[in-house]
1. Give the ranking of PHE133, PHE223 by solvent-accessible surface, highest area first, calculated with a 1.4 Å probe.
2. Taking Cα atoms of the stretch 42-114, Rg/Rh with Kirkwood Rh, to two decimals?
3. Output the antiparallel fraction of DSSP beta bridges having both residues in the chain, as a percent to the nearest 5.
4. I'm checking a number: the convex hull volume of the Cα atoms of the stretch 1-66, normalised per residue, in Å³. What is it?
5. Relative contact order of the chain: what whole-number percent is it, with Cα pairs under 8 angstrom and at least 6 residues apart?
6. Which of (i) 15.4; (ii) 11.5; (iii) 13.6 is the computed mean projected area of the Cα convex hull in nm² for the structure on display?
7. Tally up the carbon and sulfur contribution to the accessible surface of the chain as a whole percent, 1.4 Å probe, everything protein left in place.
8. How much length, in nm to one decimal, is gained on full extension between GLU239 and SER170, taken as 0.36 nm per residue of separation minus their Cα-Cα distance?
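The values are calculated or read from the model by the stated rules, or taken from the named source; none is laboratory data. Small disclaimer: the values here were computed from a predicted structure and weren't measured. So basically every Cβ, Gly included, is an ideal-geometry build from the backbone, and we count neighbours across all protein chains shown. Protein only, heavy atoms only, side chains kept; ligands, DNA and RNA dropped before computing areas. Shrake-Rupley method; radii C 1.70, N 1.55, O 1.52, S 1.80 Å.
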Amino acid sequence: MATYVFIHGAWHGAWCWEKITPLLEKAGHTVYAIDLPGHGSDQTPISQVSLKSYTDKVCSILDDAEEPVYLVGHSMGGIVISQSAEYRSEKVKALIYVTAFLLRDGEAMTDIIPTDIEAQVAPNMILFEKEGFATLREDSLKHVFYGCCDDADVEKAKSLLNPQALNVLSTKLSLTEERFGSVPKYYIECLRDNAITIQCQRAMYSANPCEHVYTLDTDHSPFYSKPNELASILRSIHENH
């Protein structure tokens with residue numbers, strides 16, 4: 001049996017994995033879905049949120065794990081799992097990117113976002129630069145994140161989103177071939193993603209070769225729109241690779 005640690009994306013929280021967790025636990029696996037600082041039930045002030053605070057939280061989970069884990073990151077969570085794997089490569093069995101930012105050493109999300117010209121996140125962001133965070137226009141959320149999701153899931157998600165600290169998006173990753181490069185990587189691409197377009201996803205994993213790429217014909221949020229299919233892929237990575 002495997003241990004999976006789930007890292008949510010920007011604005012989200014551990015709650016977004018609520019349909020995936022029971023599917024994996026039913027199969028006998030151990031699952032940890034965590035709230036990053038300032039997200040979900042974590043009350044860290046936005047002024048104290050940084051990529052380091054994110055990775056500190058993840059590394060504390062990895063340090064407590066009895067065996068190497070599958071570290072799964074969605075969207076922005078991709079940079080969190082990459083940097084955490086650099087710090088704790090011996091504790092990570094594999095990295096799994098769910099339509100996530102898969103960056104190279106020295107890159108930040110703000111290096112990639114402007115190149116994804118058809119993506120709908122940036123045009124719908126509301127910046128609070130003095131306060132150091134951003135939100136998204138509520139009327140854009142379904143189109144950007146949840147285009148294939150049930151209305152009930154969309155409404156629930158809208159009610160749970162948190163402001164996103166901006167400095168995280170501009171923090172450059174510090175990765176080495178010896179540590180981050182030694183961890184096997186898998187990518188799950190989503191064909192109908194309006195937040196990170198399929199062209200951008202493919203450009204990132206082409207620049208950062210993975211053991212295998214899986215495809216879901218869905219939106220940015222397969223944990224809601226295709227939970228059974230996503231859970232099946234996650235199980236198969238453990239079983240087959």
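1. Working: PHE133 40, PHE223 0 Å².
Most to least solvent-accessible, the answer reads PHE133, PHE223.
2. Numbers: Rg = 12.5 Å, Rh = 12.9 Å.
Over the Cα atoms of the stretch 42-114, Rg/Rh equals 0.98.
3. Values: 6 of 30 bridges.
Percent antiparallel among DSSP bridges in the chain is about 20.
4. Numbers: hull volume 5.1 nm³, N = 66.
Normalising the Cα hull of the stretch 1-66 by residue number yields 77 Å³.
5. Values: 474 pairs, mean separation 55.0, N = 241.
Across the chain, relative contact order equals 23 percent.
6. Matching the structure shown: (ii).
7. Working: 5000 of 10210 Å².
C and S fraction of accessible area: 49 percent.
8. Working: separation 69, 0.36 × 69 = 24.84 nm, distance 3.62 nm.
Answer, rounded to one decimal: 21.2 nm.
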